[in-house]
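Below is one structure; the comments refer to it alone.
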Amino acid sequence: MSEANPLLALLSLEEHARKAANASELGFVMVNDSRGLVAYRQAALFLDGGGLKALSGVTAIERGAPFTLWLERVIRRMAGDEVRLAGPDAIAGKDGEEWSDWLPLHGVLLPLKGRDGKRLGSLMLARDGEWTDQEIALLTRACDIYAYAWEGLHRPSPLALWRRRLTAIPRWRPMLAAALCLALVFPVRLSVLAPAEVVAHDPAVIRSPLDGVVEKVLVRPNQSVSEGDLLFDLDRTTLTGKLEVAKKALATARAELDQATQQSFFDPKAKAQLAVIRARIDERSAEAAQLEDLLARSQVKAPRAGIAVLDDPAEWQGRPVNVGEKVLAVASPAEVEVEAWLAPADVIALEPGGPVRLFLNAEPLSPVSATLLYVTFEAIPQPDGTLGHRLRAALDAGQDGPRLGLKGTARLDGRRVPLIYWLLRRPLAVARATVGF
C-alpha cells in the first residue's frame, strides 16, 4: 500500500477504472492494480450469475481447474451485501479444511453494489496478515468505484432496457391493457343533452280577431275553461259608436223609403227613386250587420275545453293588439309532449322514432321516456335569442304524463359508436375549431 498518501492511490485506481475499455481491462484493474491501495497476495473477481471473472497474476482462467471450482464454491457460500472477513474458520466443512491449500489465511470479501443497491458480484482479497479497519474502509470505497465503472461498461441498450421493463411488468398489467383496449372499442350510443320543457300537444292558440285594445282578460293562468267560456274582451267603444251611427243611417233610409213609397202614387219622379233608396237601405243594413259581428267577435271565447296558458293577465289589459296576434292558448293537460332546443354544436344524426329520456328538474330520479318526432333542419331563434334546432318528442304510452310547463334536460340517443369516439368527440371538435386541422 502507498503509505505516503492513500488518497492519491485511490484517485489513481479511479482513473484506471474509468479508462478501462472493456470488462476484461476493468477486471484486471480490480484484481491487480488494487495492490497500489493495500497489500495482498491474491485477488479474485466473482460476478453473480457469471462465476469467476478475473484472478490476480493470470491472464486466463481455467474453468475446470480444481482451484477455480473450489474458489467459486467458497465465494458463493460466503457472498453477502456487507463486507465479510474470510478464512478457514469462516466456512465449515471440506471447503474450510482446504483453505490453507489454496489461499493465505486472512481474506476479505467485498460486495460490488450497483446504483440500485443490488449486488453485482464480490471482490475477494487474501494475504498472510490481518486486515485493518482503515484498509477495509479504503477497499470499500474502491469497490464503489469499481461497481460504478462496471455498470457504465454494461449499460444496456435502449432495446434491452425496454425488454427488461416489459419483462418486469406483472402478468396482470398486459391483461388490464388488453381489457382497456377492448373497452375503448365497445359500442355505445352516441347521445347529447338539451334543455327541454313539457309543452301542450296541438294547443288551441287564441289570437286577436281584429285590431284593437285588450280591455280585460277574464281567465287566470292554468285556469280550467269549458267550451264557450269568455276568455278576454277587446275595447268596443269605437265599434259601438260606429254601430249607432250605422243604425241611425239605416233608420233614416227606411223613413225615406216610406216617404218615397207614398209619393210614388202621385209623383213618377219619386217612384224612380225607390230603387236607389232600397239599395241604400241594403248598404246600411250590411254595414250594421258587420259592426254587430265585430262586436260579437270582440268577446273572445274558448273553442274547446282545457286550461288557459298565458302570462300575467294584468300585462295584457290596455295593450294594443293586431289582428292574428297571439294572446293565450287553451291546452289539454292530458295531451303533452316534450319540446327541446339542441345547440348547433351538439347536433348529431337523429332519426324520427329514436329514444328520448327527459330528466325533469322537479323529479331528476324519475326520467320520462319519449319517442322523437322531428328535429328542424335549420337553426331558428330560441326564446332566449340564441339559435338552436327545435325538436319534439311524444311521450311513450303506459306512463303518467308530467305536468304542463315542467322543465328539465332531455337526453337524445343516436347511433352506436366506439367508446373512444364517444369520449373524444367533443375534445376533437374543440381542437379542430381552435387549430383548424
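The values are calculated or read from the model by the stated rules, or taken from the named source; none is laboratory data. From a predicted model like this one, the values you see are computed outputs, not experimental measurements. Every residue, glycine as well, gets a Cβ built from its backbone with ideal geometry; the counts of neighbours run over all protein chains shown.
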Subject >> Residues of region 33-71 that turn out to be surrounded by fewer than 16 Cβ atoms within 10 Å (Cβ to Cβ), assigned to a helix (DSSP H, G or I) and not hydrophobic (A, V, I, L, M, F, W, C), as a count >> reply: 1
Subject >> Residue that is nearest to the chain's Cα centre (by Cα) [pool: residues in region 320-332 that are loosely packed, with under 14 Cβ neighbours inside 10 Å and not in a strand (DSSP E or B)] >> reply: GLU325
Original post:
surrounded by fewer than 14 Cβ atoms within 10 Å (Cβ to Cβ), under 28 Å from GLU15 (Cβ atoms), out of contact with any Lys or Arg (no Cβ under 9 Å at 6 or more places or on another chain) and modelled with pLDDT under 90: does that describe ASP101?
Top reply: no
**OP:** Kindly indicate whether any position in region 232-250 is under 60 Å from the mean Cα position of the chain (by Cα) and over 21 Å from GLN290 (Cα atoms).
**Re:** no
Original post:
Using beta carbons and a limit of 8 Å, which pairs, at least six apart or on different chains, have the first residue in region 168-187 and closer than 21 Å to LEU419 by Cβ and the second one modelled with pLDDT of 85 or more and part of a strand (DSSP E or B)?
Top reply: LEU184/PRO418; VAL185/PRO418; PHE186/PRO418; PRO187/ARG416; PRO187/VAL417; PRO187/PRO418
**OP:** Mind telling me which of the residues ALA54, ALA21, ALA39 ends up being among the small types (Gly, Ala, Ser) and in contact with a helix residue (DSSP H, G or I) (Cβ under 6 Å, 6 or more places away or on another chain)?
**Re:** ALA54
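Yes or no, residue by residue, for (1) surrounded by 17 or more Cβ atoms within 10 Å (Cβ to Cβ); (2) in contact with an Asp or Glu (Cβ under 6 Å, 6 or more places away or on another chain); (3) part of a loop (DSSP other than H, G, I, E, B):
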residue: ARG77; (1), (2), (3): no, no, no
residue: ALA90; (1), (2), (3): no, no, yes
residue: LEU109; (1), (2), (3): yes, no, no
residue: GLY121; (1), (2), (3): yes, yes, no
residue: GLU135; (1), (2), (3): yes, no, no
Subject >> Answer from ARG411, ARG416, ARG390, ARG425 - the residue that is touching a strand residue (DSSP E or B) at 6+ places or on another chain (Cβ under 9 Å), over 27 Å from ALA331 (Cα atoms) and in a strand (DSSP E or B) >> reply: ARG416
Original post:
Got at least one residue in region 227-236 being in contact with a helix residue (DSSP H, G or I) (Cβ under 7 Å, 6 or more places away or on another chain) and either modelled with pLDDT under 85 or among the aliphatic types (A, V, I, L, M) (or both)?
Top reply: yes
